[in-house]
Structures are given as C-alpha cells and as structure tokens.
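So the structure is just underneath, and the comments pick up after that.
The values are calculated or read from the model by the stated rules, or taken from the named source; none is laboratory data. Model, not experiment: these values are computed from the prediction. Glycine gets a Cβ as well: all are built from the backbone with ideal geometry, and neighbour counts include every protein chain shown.
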Amino acid sequence: MGWIERWTQEDRGRFRAGIVRARHRLADSGLFCDPALEELVETHPRELLDIAMMDEEGSARSWTDLSPGERKGAELLAGAREGRVWMNLRQVFNIRPEYRALLGAVFAELRELHPRFRPEVIKGGLLISSPGARVPFHIDRTDTMLWHLRGRKRVFVYPRSAPVLHEADIEAVLMHPFSDDLPYKPAFDARAQVFDLEPGDVLCWPVHTPHRVVNLDGLNVSMTTEYACRDVRVRNQAMIFNGLIRRRLGLSPSIEGSRGLGLAARAGLGFAARKMKLVPKVSKPALAVDAAPGAQGAAAH
Ligand SMILES: [Fe+2]
C-alpha cells in the first residue's frame, strides 16, 4: 500500500454503495505545505480558479465571487486564513505534472483495491478555505471523494431519499447547466451522519448523496476528486429523461424502479433529448487523467 493508508474489507464492500471513511498519507508528498500552496494559487490559470466569500451562515445566496486580480499567492493564502473564503483550484491535479502523478498513483491504488472499478475520467481539484467557511447543502453530478489534508472540517452527509431528497430534486440539478444547490431545511440535520475530518481522512459516498460542509478550525486544505463511471452516466441520462416527462407530461417516474432494459431505454432517450437541446448541456473544461469520451462536468465541493 502506498498513498492509501487504511482501506478495510468493510470499506471495499461499501465503496460507491455506502459511505466510506478511510485514511491516506497524501500530505507526506510535501505538495501541500504553505510555500507550495502559495505558488500554486499564484500561478494557477485564472479561468480555473474559483474564489468566493460567504456570510456566517454560508448560505448559497450569500456566496459572492471574487477576482484574485494581481494578488500574490501569499496574500491570497493569508486572506483564506483570516476571512471567510473558499478557493477551488479546479483541475490542478490534471495540469501540474507532480500533482497529476499523485492523482494517478492514488487511483491506481483504488483500482488495485477494486479490480472492477472503471473510472472513465478522473479530475482533481484543490480546495483551500477559511476556518468557519461553509459549503451549502448540495449534490454532485458524479462520484466525488474528499481527501482531507489540513485543518478540520465537519461534513454532514444526508440520506439520498425523501423527505431530505426527492428524485425531482436530482433531476432538477442534472437538467440545470451549473447549479448543484438544493432546498435545505435545518430539520434535515437530524437525519444526517456527521463526520469531523482530520488531516489524512478520506470520505466518499454514493453518487447524488446530499451533503454540506462546515469548516471547524485551521486553514482547510483538501483534494477533491471526481470521476465518471458508466453506471452513473446511464443513471444521469435516465434521470434527465425522467425529469423531462415529469415536467412536460406530468408523470411520476422513478429511477429506483428502473432496471436493465428499462433503464437503458430511458438513458438513450435522455441522451437524445440532450442532443436535441431539450435540456441545457453541462459544459466545463475537461482535462483528465484518464481522458475518455462521454464524461460530464461536475462540481467539486
Ligand atoms: Fe460536493
């Protein structure tokens, strides 16, 4: 075992079907110390650098995009230490050779642990955020994993079922060109599993599982990885078709009731609907470790 330090037999059984909290030692690479982060932030392509501020509640409405301007890396990092800032260096693990090598090695280990695991596109971003920063309640469009590196953060992971989440909510996200946010009620928290992540923890959950994040203390640094697998592409396309017939024909389809040919047919119709521009195309620049056609962009929280 190399970068993944602990991945138990139970974790193997749960991976992608349930919540996995395991351990890694990516920080030993030396790629996430202050000087490395300052240089990364300063030189990362501006079109792939998201910086936002938020209010104390961290509500989606309060998120405001910031421009890095001509600020130096040290200044941006100091802002993240002191303010309520969230930075995402999208695809830095696909662009920078030393980080790309690390991402490739980690996923090679995952494939050793799970011989039937076939991620078609793997993207890695680096999140740098303030103590107290929050990411609102949302789902991601594809599988994501959070590899925590520095600071401490609390992650609330909710059931992928009513009353917290309805299939129509997932369809709405998939049919929207970029928004992943969902309607949130504090009462949902009673149904959440709560994980306080320490450096070296990695956390992942089944695709479309709702979650939100509250940073606890320290400058928070995490690698987020997202990847597409064939089963999720089929599921997403079928849910887009379901979303169309729910909205246009007033039907009440269910993805949980769709299997085999029924699922494949719905996916084909969803794909066709997208081609016919009945739903907006999800488009984000795709640089990937394992480039393959057919992947969709996904948010990286
Ligand atoms: Fe997320």
What is the residue count in region 137-158 for residues that are at pLDDT 90 or above, within 16 Å of the ligand (Cβ to nearest atom) and either of a type outside the set (S, T, Y) or assigned by TED's automatic domain parsing to the domain that holds L244 (or both)? 14
Just give me the residues in region 74-108 being within 16 Å of T224 (Cα to Cα) and touching an Asp or Glu at 6+ places or on another chain (Cβ under 9 Å), in sequence order. W86, M87, N88, L89, R90, G104, F107
Tell me, yes or no, whether region 142-153 has at least one residue that is closer than 28 Å to K275 by Cβ and β-branched (V, I, T). yes
Inspect all residues belonging to region 262-283 and state whether any of them is within 16 Å of the ligand (Cβ to nearest atom) and either modelled with pLDDT of 75 or more or not assigned by TED's automatic domain parsing to the domain that holds I19 (or both). yes
Condition first: assigned to a loop (DSSP other than H, G, I, E, B) and in contact with a Phe, Trp or Tyr (Cβ under 7 Å, 6 or more places away or on another chain). Now tell me which residues in region 1-34 satisfy that. I19, R25, L31
If you check every pair at least six apart or on different chains, which have Cβ atoms under 9 Å apart with a residue in region 7-19 that is in the same structural domain as H211 (by TED's automatic domain parsing) first and a residue that is among the polar types (S, T, N, Q) second? I19/Q193; I19/T209
Of all helices (runs of 4 or more DSSP H) completely enclosed by region 68-126, which ones contain at least 2 residues that are more than 23 Å from R25 (Cβ to Cβ) and in contact with a helix residue (DSSP H, G or I) (Cβ under 6 Å, 6 or more places away or on another chain)? 73-82
Give the residues of region 53-67 that are assigned to a loop (DSSP other than H, G, I, E, B) and of a type in the set (A, V, I, L, M, F, W, C), sorted by residue number. M54, W63, L66
Residues being in a strand (DSSP E or B) and either hydroxyl-bearing (S, T, Y) or within 25 Å of P177 (Cβ to Cβ) (or both): count how many of those fall in region 127-165. 11
Filtering region 226-244 down to residues that are of a type outside the set (A, V, I, L, M) and part of a strand (DSSP E or B) yields E226, Y227
Checked region 169-215 for anything of a type outside the set (A, V, I, L, M), away from the ligand (no atom under 16 Å from the Cβ) and buried (at least 16 other Cβ atoms within 10 Å of the Cβ); matches are E171, P199, G200
Do we have any residue at all in region 232-245 that's within 16 Å of the ligand (Cβ to nearest atom) and either crowded, with 22+ Cβ neighbours inside 10 Å or in contact (Cβ under 8 Å) with a residue 12 or more places away in the chain (or both)? yes
Quick one: which of R111, R61, R46, R96 is of a type in the set (D, E, K, R) and either on the phi > 0 side of the Ramachandran plot or crowded, with 17+ Cβ neighbours inside 10 Å (or both)? R96
